[in-house]
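Data first, discussion second: the structure below is written as structure tokens.
The values are calculated or read from the model by the stated rules, or taken from the named source; none is laboratory data. Note that the structure is predicted; figures quoted are calculated from it, not measured. We place every Cβ from the backbone using ideal geometry, glycine too, and count neighbours over all the protein chains shown.
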Ligand code: FAD
């Protein structure tokens, strides 16, 4: 039996291990942390439970597919519910808008808040769906480095519509043209952050992102986001995949440009194939120090990172939904701070998520588990902890002003993450949430591929390689990588 080593147990590593096992490999997963799941970690204290990473679960079909491939019923491993609303938005002037999932409810809300823009929003959602159907699914399902992909009928058809993808406009430019209300422009600009990009730089083709959330739906897994890697690990183990934790890979050994083994501090694991789930920057700079790194790809701009406060709050806030956004007054200035000045914005857009209204066990009775996230630069700084200490008051002041509360007096427990701790906890270079950004016309197409044509037996998966970050794309990266194995 051919031996495969998967380095890292993020969602892509777990999905890759399952696919390799189903392909007939003897699979070993080596993980440097004491537990699996990578960014989908959790933290609990005094009756509060927090998912530390992703909170929005989209395109569950990519997860279900793994169980179905193994001949299992996904529902016996894992369940989820569709949310009534994608997100609730708050502005400082008191305006609120809920992006309901159900079309009639959404239409009524649009008539109430943006009475002249109902049609424009409907048209935009249709355009987003069309773009995904024409090109989005090719991007997320295929290896872009293969001639077969480019010669396929699907791609030929997609290319005939090239001008409609608006590669020369930014998301913001297209949004400004399609909507007359500045608040709606801001709302649709925000979708750039779903892959850690800047709406003033990311191409308008990415205005298909709302379809991934609104068209397919926003979901929440029973038991929280942590139940995603838990279900994947259970399936992997049933298929015979072996796991070793606290086992950091230090190098990948090659002989005649072919993978031969993987070395950790105390062991060497001979293998025929390596699937690395480690950020591609670290894979080359730490695990393959003697190979020629693909400079252009490794120098690509990183996606945004985040500062996050996990607060156990001893009060219920019925005015909040599951996903909430408290917008800044000047979005352009905010993105300039993050991507050009590499500073935290003075007036931040704040994301608040609570799972406790869906999962009673996530907080004590009458209390809520707040995940409060602010987009931040993926940048090296010696003092991220001190910066986050100081920033806490800016965040609390803004929440107090918008929700008319006294948050400080309600916080019972606290945990934090920032770019430096995201980097050290999950091995994501500079703490980028989604690998590289999609800022620029071709950025999304220039991500590192799922193979390296100069090294036989080496495959790549995870948020830093094609097709990119976010749970659905990471799952797809594992599929594309394993499908490339002859
Ligand atoms: P990762 O989760 O990055 O895991 C990599 C694993 O490799 C880690 O376990 C690490 O310990 C291990 N590793 C690294 N180096 C070594 C080594 N040398 N040896 C052994 N093991 C090693 N996505 C969404 O879809 N929805 C969201 O709402 C969302 N929100 C997010 C919020 C936050 C705060 C963060 C951080 C991310 C968010 N994302 C979201 C993005 C999403 O979490 C990631 O794209 C995805 O989880 C990355 O998975 P991955 O497979 O690339 O591996």
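Could you give me the residue pairs with C-beta distances under 7 Å whose first residue belongs to the stretch 159-172 and is under 11 Å from residue 201 (Cβ atoms), whose second residue is modelled with pLDDT of 70 or more and assigned to a loop (DSSP other than H, G, I, E, B) wherever it lies, and which are 6+ apart or on separate chains?
Note: pairs meeting the criteria are 170/199; 170/200; 170/201; 170/202; 171/199; 171/202; 172/199; 172/200.
Okay, residues lined up against (1) within 16 Å of the ligand (Cβ to nearest atom); (2) loosely packed, with under 15 Cβ neighbours inside 10 Å; (3) not in a helix (DSSP H, G or I):
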site: 87; (1), (2), (3): yes, no, yes
site: 92; (1), (2), (3): no, yes, yes
site: 104; (1), (2), (3): no, yes, no
site: 121; (1), (2), (3): no, no, no
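Residue under question is residue 286, and the condition is that it be under 30 Å from residue 388 (Cβ atoms), modelled with pLDDT of 95 or more, within 14 Å of the ligand (Cβ to nearest atom) and surrounded by fewer than 21 Cβ atoms within 10 Å (Cβ to Cβ); does it hold? Don't jump to the end; show me each part of the working.
Working: under 30 Å from residue 388 (Cβ atoms): yes; modelled with pLDDT of 95 or more: yes; within 14 Å of the ligand (Cβ to nearest atom): yes; surrounded by fewer than 21 Cβ atoms within 10 Å (Cβ to Cβ): yes.
Yes; evaluated as a whole, the condition is true for this residue.
With the requirement that a residue be out of contact with any helix residue (DSSP H, G or I) (no Cβ under 6 Å at 6 or more places or on another chain) and part of a helix (DSSP H, G or I), what does the stretch 188-213 give you? Write out each step before concluding.
Here is the first cut: in the stretch 188-213, the ones out of contact with any helix residue (DSSP H, G or I) (no Cβ under 6 Å at 6 or more places or on another chain) are 190, 193, 195-197, 201, 203, 212-213.
Hits for the stretch 188-213 are 190, 193, 195, 212, 213.
Of the residues in the stretch 28-55, how many are more than 6 Å from the ligand (Cβ to nearest atom), buried (at least 19 other Cβ atoms within 10 Å of the Cβ) and not in a strand (DSSP E or B)?
4
Read through the list (1) in a loop (DSSP other than H, G, I, E, B); (2) within 24 Å of the chain's Cα centre (by Cα), then give the number of the only condition that residue 66 fails.
Among (1) in a loop (DSSP other than H, G, I, E, B); (2) within 24 Å of the chain's Cα centre (by Cα), residue 66 violates only (1).
Only residues in the stretch 242-258 that are touching a residue at least 24 places away in the same chain (Cβ under 8 Å) and on the phi > 0 side of the Ramachandran plot count as the first member; pair them with residues that are more than 9 Å from the ligand (Cβ to nearest atom) and in a strand (DSSP E or B), Cβ under 7 angstrom, at least 6 apart or cross-chain, and list the lot.
If the second residue must be more than 9 Å from the ligand (Cβ to nearest atom) and in a strand (DSSP E or B), the pairs left are 257/456.
Looking at (1) without any contact (Cβ under 8 Å) to a residue 24 or more places away in the chain; (2) over 16 Å from residue 309 (Cα atoms), find the lone condition where residue 386 falls short.
Failing condition for residue 386: (2).
Scan 12, 4, 17 and give me the residue that is in contact (Cβ under 8 Å) with a residue 40 or more places away in the chain, outside any loop (DSSP other than H, G, I, E, B), near the ligand (Cβ under 8 Å from one of its atoms) and surrounded by 20 or more Cβ atoms within 10 Å (Cβ to Cβ). Lay out the reasoning, then the answer.
On the way: 4 fails: near the ligand (Cβ under 8 Å from one of its atoms); 17 fails: near the ligand (Cβ under 8 Å from one of its atoms).
Matching residue, one of 12, 4, 17: 12.
Can you find, within the stretch 431-486, the residue that is surrounded by the fewest Cβ atoms within 10 Å (Cβ to Cβ) among those that are near the ligand (Cβ under 10 Å from one of its atoms) and on the phi > 0 side of the Ramachandran plot?
Within the stretch 431-486, the match that is surrounded by the fewest Cβ atoms within 10 Å (Cβ to Cβ) is 470.
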